[in-house]
Amino acid sequence: MISLKVNGKRYEVDVSDDTPLLWVIRENLGLTGTKYGCGMAQCGACTLHVDGRAVRSCVTPVSAATGREIVTIEGLSSDGSHPAQRAWIEEDVPQCGYCHSGQIMSAAALLSVNPKPSDADIDEAMSGNICRCGTYQRIRRAIHRAAAIMAQGGRK
Amino acid sequence: MREIVNFSRRAFLKTGALIGGGLVLGIVGPANGTRAYAATVPEAPFIPEAFVRIGTDGAITIIVNKSEMGQGVYTSLPMLVAEELECNWSKIRVEAAPVDPVYNHTVFGMQMTGGSTSVPTEWERMRKVGAAAREMLVMAAADTWKVQKEACRAENGVVYHGTKKFTYGQLATKASGMPVPANVQLKDPSLFKIIGKPTHRIDSPEKVNGRAVFGIDVTAPGTMIVLIAHCPVFGGKAKSFSSEKARAVPGVKDVVQIASGIAVVGDNFWSAYKGRNALEVVWDEGPLAGLSTSGMRKEYAALVQNPGIAARKEGDPEKALGTAAKTLTAEYEVPFLAHAAMEPLNCFVDLRAGSCEIWTGTQSQTADRDAAAQIAGLKPEAVKLHTAFLGGGFGRRANPHSDFVSQSVQVAKAVKKPGYCQHNCVNFL
């Protein structure tokens, strides 16, 4: 049995140690907001937070995540009110939407350490998240907007 | 310019705005407004075959016959309906259409999404649907008040006559019994309030909180996960294989051969993945074994020396070039663009004696359903196909051979166990 803390809840899961965290989250816990894209940390669709840092869950063995705080897109906010989520809606960022759980988790991790990122900061932090629809310009705008929401007192 | 559309009831039926004798403005409470492909409800009921439902709670459900793959069709087609329906945009929600001829592409004659055709080909039909529904609501109100319908007006989800008013929700039940209007008058474009105006996408909220259900997210208790080893060369086949090591992987339930490869069936992804890696397959790479990028480039370079087809010709370019003081020559090349979507191709199949239910993100519902029926040995009507969100389409999910759906049904058939199969084509663009 492996013990995990995800979105503030404790879980015991019966999986092999080498199972990627992604599959435990999706299959065992039923949290399907975290997406599977490439399985080799090349696309960023599986991004979630481990102890506040953006991590590619498809290459993170579940055994490396025990005892840590794991947050998925479902746990970023209870009601879609995280500044990044609000900004994503206001800027109509998603198209097909498949990559955006990962995009938002990367953006939230960036904003938590850099509340007013420059374009260059954004490009650097987001370069590992691929969007096949090509929404990059709106992602950048949304991150600036999220920073502005935070500056105006919107919670992180 | 005011557009008057005349069409008989029969013609209206033929346009597919409704079947079975009534625009569905039925009694639909909030509990029934769930998506047909909700992951937790694999036995979800077959939804009414029409394009709009107005609930007694005032909720307006637009049934969209096109696949949402990022192009925004779950917003654009409802905008067309809502413009003529004169409803409150915030009351709109969307359902994916089931497979039925009523939802066929108005030009291609089958249910499918592609070629940037959705708005142009539904432009008139969706507006007529909205206009007809509005008319029936107005008729219901006028009949209740015993006034002429021409003296009533519909605005923002309410029908007015003088100081009297009814909401669409209050009128929904009665309106469903009203005759379908023989003529509907479509708005003059100068009066558009929604069409042509920046409108937020309907599907953004569920795409930023992880709740949007893509094909790959559909599951049910006891689902088996299937990964297929395909030949590295397109069109190749397995010559021979050994499944002994794959079967020894904990969690691997079965290994079956299908036409296009070797399928490993596991009780979770990681088992199926490790099982597939443990397969020993000898491939017959087939007729395309010699195909390569450099070879194709050479072929294209040779072909470009041939005279091409003139798309447009003005003046006499040969003469102009011959007398020009200076000429420039340049070669342009663009790389091959793979129709690769972010969401790996996948298909969820529930195959039982006499029925087959499929959830997938596809651009090609009719063909996929028919292919599944043929493989399963069922009539097409016995196959229910539910369209989930597509994690990108790019044409890859409109495959004339219905490849990923066909493979999934082949595996479900070969496994011969009751239960669900979620097939993820991880190495198969």
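The values are calculated or read from the model by the stated rules, or taken from the named source; none is laboratory data. Please read these numbers as outputs of a predicted model, since none were measured by experiment. Glycine also receives a Cβ, built like all others from the backbone with ideal geometry; neighbour counts cover every protein chain displayed. Protein only, heavy atoms only, side chains kept; ligands, DNA and RNA dropped before computing areas. Shrake-Rupley method; radii C 1.70, N 1.55, O 1.52, S 1.80 Å.
Candidates A:Ala84, B:Ile225, B:Val252 compared by Cα position along the dipole of the protein assembly as shown: farthest toward the positive end lies A:Ala84, with charges placed on Cβ. A 1.4 Å probe run over the protein assembly as shown, with the rest of the protein chains in place, finds 46 Å² accessible per residue.
Placing +1 on the Cβ of every Lys and Arg and -1 on the Cβ of every Asp and Glu, with nothing else charged, gives chain B a dipole about its Cα centre of roughly 640 debye. Bridgeable lysines around B:Lys326 (alpha carbons under 26 Å apart, same-chain partners fewer than 8 residues away excluded): B:Lys313. The stretch A:25-95 has equivalent-ellipsoid semi-axes of 22, 15, 11 Å, by the square roots of 5 times the alpha carbon gyration tensor eigenvalues, sorted largest first. Highest mobility in the GNM of chain B, judged by mean-square fluctuation with C-alpha springs under 10 Å and restricted to B:Gly393, B:Gly308, B:Gly235, is found for B:Gly308. Principal-axis analysis of the Cα atoms of chain B puts helix B:403-415 at an angle of about 70° to the longest axis.
Per q in 0.13, 0.23 1/Å, what log10 I(q)/I(0) does a Debye calculation on the alpha-carbon atoms of the stretch B:174-265 return? Result of the Debye calculation: -0.76, -1.14. Accessible-area rank, largest first, for B:Lys174, B:Lys207: B:Lys174, B:Lys207, with all protein chains present and a 1.4 angstrom probe. With Cα atoms defining each centre, the stretch A:1-23 and the stretch B:50-80 are spaced 38 Å apart in the structure.
The protection proxy used here, the mean number of other Cβ atoms lying within 10 Å of each residue, ranks peptides B:398-405, A:49-56, B:181-188, A:140-147 as follows, highest first: A:140-147, B:398-405, A:49-56, B:181-188.
Based on the alpha-carbon gyration tensor of the stretch A:1-123 and its eigenvalue square roots a ≥ b ≥ c, which shape applies: rounded if a/c is under 1.5, prolate if not and a/b is larger than b/c, or oblate? Here the stretch A:1-123 falls in the prolate category. Accessible surface for B:His200 stands near 100 Å², nearest 10, in the context of the full protein assembly shown (1.4 Å probe). Considering only beta bridges that DSSP places wholly inside chain B, some 75 percent are antiparallel. Here B:Trp270 sits with roughly 50 square angstrom of accessible surface, probe radius 1.4 Å. For the set A:Cys133, B:Cys356, solvent exposure ranked by accessible area (probe 1.4 Å, protein chains only) runs largest to smallest as A:Cys133, B:Cys356.
Name the residue farthest towards the positive end of the dipole of the protein assembly as shown from the options B:Trp283, B:Gly55, B:Met112, assuming +1 on Cβ of Lys and Arg, -1 on Cβ of Asp and Glu, about the Cα centre. Toward the positive end, the furthest listed residue is B:Gly55. For A:Cys131, the accessible surface of its heavy atoms amounts to roughly 10 Å² (probe 1.4 Å, protein chains only, rounded to the nearest 10). In the stretch B:382-419, the residues that give up 30 Å² or more of accessible area when the other protein chains are added, compared with the chain on its own (1.4 Å probe), are B:Phe394. With the biggest extent put first, the Cα atoms of the stretch B:207-355 measure 76, 44, 31 Å across the principal axes.
In chain B, the longest principal axis of the Cα atoms and the axis of helix B:118-145 are about 30 degrees apart.
Working with all protein chains in place, sort B:Glu124, B:Glu135 by solvent-accessible area computed with a 1.4 Å probe, largest first.
From most accessible down to least: B:Glu124, B:Glu135.
When the Cα gyration tensor is reduced to axis lengths a ≥ b ≥ c, the ratio a/c is 1.5 or higher for chain B, and with a/b not above b/c it is classed as oblate.
Remark: mean inter-chain Cβ contacts per residue of A:133-146 equal 1, using a 10 Å Cβ-Cβ cutoff to other protein chain atoms. Using C-alpha pairs under 8 Å with a sequence gap of at least 6, the mean separation divided by the residue count of the stretch B:51-150 gives a relative contact order of 29 percent.
What is the Cα centroid distance between the stretch A:89-156 and the stretch B:389-403, reported in whole angstrom? If you average the Cα positions of each part, the centres end up 28 Å apart.
Taking every DSSP bridge with both residues inside the protein assembly as shown, close to 75 percent are antiparallel. Note on chain B: helix-only mean residue ellipticity at 222 nm, from DSSP H runs of 4+ residues weighted -39500 (n - 2.57) and normalised by residue number, equals -8000 deg cm²/dmol. Only aspartates and glutamates eight or more places from B:Lys379 in sequence, or on another chain, were considered; those with a Cα closer than 20 Å are B:Glu43, B:Glu49, B:Asp100, B:Asp350, B:Glu357, B:Asp368, B:Asp370, B:Asp403. The charge dipole of the stretch B:210-276, taken about its Cα centre with unit charges on the Cβ atoms of Lys, Arg (+1), Asp and Glu (-1) only, comes to about 180 debye. Compute the Cα gyration tensor for the stretch B:341-416, then decide on rounded, prolate or oblate, letting a ≥ b ≥ c be the square roots of its eigenvalues: rounded whenever a/c is under 1.5, prolate when a/b is larger than b/c in the other cases, and oblate in all that remain. Taking the square roots of the gyration eigenvalues as a ≥ b ≥ c, the stretch B:341-416 is prolate. Peptide A:97-105 shows a mean partner chain C-beta count of 6 within 10 Å per residue C-beta.
Straight Cα distances below 20 angstrom link B:Lys274 to the aspartates and glutamates A:Asp14, A:Asp17, A:Asp18, A:Glu27, B:Glu244, B:Asp254, with same-chain residues fewer than 8 positions distant left out.
For chain A, the mean residue ellipticity at 222 nm estimated from helices alone is -9500 deg cm²/dmol, where every DSSP H run of n ≥ 4 contributes -39500 (n - 2.57) and the total is divided by all residues, rounded to the nearest 500. Projecting the Cα atoms of B:Asn306, B:Gly361, B:Gly322 onto the charge dipole of chain B (Cβ charges, centred on the Cα centre) puts B:Gly361 farthest toward the positive pole. Relative contact order of the stretch A:17-84: 34 percent, from C-alpha pairs under 8 Å at least 6 residues apart in sequence.
Charge dipole (Cα centre; +1 on Lys/Arg Cβ, -1 on Asp/Glu Cβ; no other charges) of the stretch B:187-236 amounts to roughly 280 debye. For the protein assembly as shown, the spread of Cα coordinates along the three principal axes comes to 79, 79, 60 Å, biggest extent given first. Across peptide A:70-81, the mean count of Cβ atoms from other chains lying within 10 Å of each residue's own Cβ comes to 2.
For chain B, the longest principal axis of the C-alpha atoms and the axis of helix B:293-303 are separated by about 70°.
With 18 Å as the limit on Cα-Cα distance, the pairs of B:Lys66/B:Lys384; B:Lys128/B:Lys187; B:Lys164/B:Lys193 that go past it are B:Lys164/B:Lys193.
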